[in-house]
Amino acid sequence: MLSLCTIGSTAQQVAEAISAVLEVETEILAGDLTIVAGTGKYRELIGSRDEEVNYPDASYLYTRVLKTGRAFVVEDPGRDPFYGPVYLGETGEICCPIHRDNRIIGIIALVAFNEEQRKRLLQKREQLQTFLQHMAFLLASRVAEMESYSQLELTSGKLSAVLESIHEGIIAVDRDGMITHCNRAAEKLVGKPREEMLGSRIDDLWPDSPLTDVLLTGQGYRDREELYGRPPEQMHLLVTATPIMQNSRPAGVVASFRNMAEVRSLAYQLTGEQRRLEFEHIKGISNQLAEVKKQASKVAQGSSTVLIRGESGTGKELFARAIHHASPRRDRPFVIVNCGAIPETLLESELFGYEEGAFTGARRGGRAGKFELAEGGTIFLDEIGDLPLHLQVKLLHVLQRRQVERVGGNKVISVNVRVIAATHRNLEEMCARGEFREDLYYRLNVIPLEIPPLRERREDIEILMEHFLNKYCSLLDKRITGFEQDVYQAFITYHWPGNVRELENAVEYAVNMEAGPVITLDSVPARIRNSWLREEGAEATLKSQLINTEKEILAAYLQKIQDGTMTRGQLAKLLGISRITLYRKIKEYGL
Ligand SMILES: Nc1ncnc2c1ncn2[C@@H]1O[C@H](COP(=O)(O)OP(=O)(O)OP(=O)(O)O)[C@@H](O)[C@H]1O
């Protein structure tokens, strides 16, 4: 609660006005007996404390006023037992407490310093006491007023600290649409200093602003997407507008808004794909793979469109992710659209979004497309060869103008998105057959990257096997240390039509099946095992043919030894082998 000291100048004006009219001196004291205002001899004492405070135990006059809350009249200070020291030459006094909310916050006193003044006081003592009570009430009201004002100031200070600290832009307008408040975030989003905004009309700042409707109807709304400005500087905002009602009529509107791209980016960070993928996560030691990685990391820095070609499962998506995460867009969304997996009827709205009422079942308020969701980041258009012709035209427009138009709408939304497309199909042949637009092909093929199939880089197989073995052992909580030699051979010779994806699946299968400490041929998928056994079978036949031939040759010569036409030593020499080897072979073949 504020003290009387806070209204010192008002109290002084009151004291002087009273003295001027009544021709006696006036003294006003706070609850701790500090002299707040005074006339005559008291004027010099303002700010000091009344002499009475030096007699704290005595029930002197002012202490009694404060304790009892009553008014007192002192007819003769020198003889009054409660008056205390008459140190200024007082001859008479009327004093009255100043109440505020059941508490006494001070005293107001009329003091006589000569006989004439004393008479004047005592003659009209009743009226003067009532008068003092009114003055006391006036002073107390002023203190209350000051208190409300300082509370208001405090609240308003807190409120503006809150407004300044939030990330949302805030703009408030009065009933005439004049901007009365705005915060730092609003200055940043709108791109104008607050001095320019305050006092100007919202319509001038934001033509066709939705806030004008709220002023008219008194109906606010939450989280509605609105466009601010004109392309190319147009901004896509998420706005909440709340009317300020007074006597059931809108007296103003407060709008809070955020940049849609930031909202999405936040949503992406909180809920979306977080997997960061770097080039070092793309495993392999082949020169071919190293070359593609080198090219990809070079192009990552720019924002040109990339077209990744390669058979299914070669790692096209992996490369797209690595490019995004090595690029300056790494903290923005990486959005994937598989053009081959989404039904043609849905693909358009998936890519470009739709407006409310665009078709039956369209969501209220419409929905943003993947291009908008990727704002500031990268969109990965997988299986681009499957994009229907009519969407190829639309995509071409988006790539040329960097703007999207939602299905069923006429708003044009600027987008800043890097495009990485991928396909396993032969786009040149498709162009020749008229299935793929040539102009789009050239737009996409700015930076081509070709990932060779696994069978053309067999050096990568062993390292990939070990990489996936570690991955699935930790996922499945298994302790398998490696592969049997046969399994390596089987994997290296297999033709891998499904590329790395097939290899990954094969290792996952084997880790699941294997009960021992190393992966054996029995645990690998049958198609890989059988393919290997067939190869091994072919090898075995050749070996056995050689053995048979060797056997036949040896048998023929042994006949000569039996005939006595040749000795064993001569035969060994003739065949170019040692006598010991000859004996071993005779024994081995049972000759
Ligand atoms: N070099 C590599 N190192 C580690 N993992 C890889 C590698 N190449 C591919 N993979 C893995 O193989 C699987 C298939 O890769 P990805 O999906 O990138 O292939 P894709 O070419 O995009 O396939 P599709 O054309 O069928 O979409 C993924 O699980 C990926 O993590």
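Quick check on residue 106: is it crowded, with 16+ Cβ neighbours inside 10 Å, among the small types (Gly, Ala, Ser), outside any helix (DSSP H, G or I) and out of contact with any His (no Cβ under 6 Å at 6 or more places or on another chain)? Judged against the criteria, residue 106 is a match.
Note on region 366-417: residues that are farther than 18 Å from residue 235 by Cβ and among the β-branched types (Val, Ile, Thr) total 6. Annotation note: Cβ proximity below 8 Å between a residue of region 148-166 that is under 19 Å from residue 100 (Cβ atoms) and a residue that is outside any helix (DSSP H, G or I) (sequence gap 6+ or interchain) occurs for 150/2. When 440, 454, 444 are checked against the criterion of being buried (at least 21 other Cβ atoms within 10 Å of the Cβ) and more than 25 Å from residue 335 (Cβ to Cβ), 454 stands alone in meeting it. Of all residues in region 128-146, at least one satisfies being out of contact with any strand residue (DSSP E or B) (no Cβ under 9 Å at 6 or more places or on another chain) and within 30 Å of residue 249 (Cα to Cα). Residues in region 503-520 that are buried (at least 18 other Cβ atoms within 10 Å of the Cβ) and in a helix (DSSP H, G or I) were compared, and the one that is nearest to the ligand (Cβ to nearest atom) is 504. Test residue 561 against the criterion of being outside any helix (DSSP H, G or I), free of Cβ contacts under 8 Å to residues at least 24 places away in the same chain and either farther than 25 Å from residue 286 by Cβ or within 16 Å of the ligand (Cβ to nearest atom) (or both), and give yes or no. Spelling it out, it is not the case that residue 561 is outside any helix (DSSP H, G or I), free of Cβ contacts under 8 Å to residues at least 24 places away in the same chain and either farther than 25 Å from residue 286 by Cβ or within 16 Å of the ligand (Cβ to nearest atom) (or both). In this structure, residue 410 qualifies as assigned to a loop (DSSP other than H, G, I, E, B) and not small (Gly, Ala, Ser). The set of residues in region 289-313 that are within 14 Å of the ligand (Cβ to nearest atom), in contact with a strand residue (DSSP E or B) (Cβ under 9 Å, 6 or more places away or on another chain) and on the phi < 0 side of the Ramachandran plot comprises 292, 296, 306, 307, 308, 309. Going by the structure shown, is residue 74 touching a Phe, Trp or Tyr at 6+ places or on another chain (Cβ under 6 Å), modelled with pLDDT of 90 or more and not charged (D, E, K, R)? Criteria met by residue 74.
Name the single residue, out of those in region 314-329 being in a loop (DSSP other than H, G, I, E, B) and either modelled with pLDDT under 90 or within 16 Å of the ligand (Cβ to nearest atom) (or both), that is farthest from the chain's Cα centre (by Cα). Ranking the qualifying residues of region 314-329, first place goes to 314. Looking across region 422-477, just one residue is within 11 Å of the ligand (Cβ to nearest atom) and among the hydroxyl-bearing types (Ser, Thr, Tyr), and that is 423.
The values are calculated or read from the model by the stated rules, or taken from the named source; none is laboratory data. Worth saying up front: this structure is predicted, and the values here are computed from it rather than measured. Because the Cβ atoms are built from the backbone with ideal geometry, glycine has one as well, and the counts that use them run over all protein chains shown.
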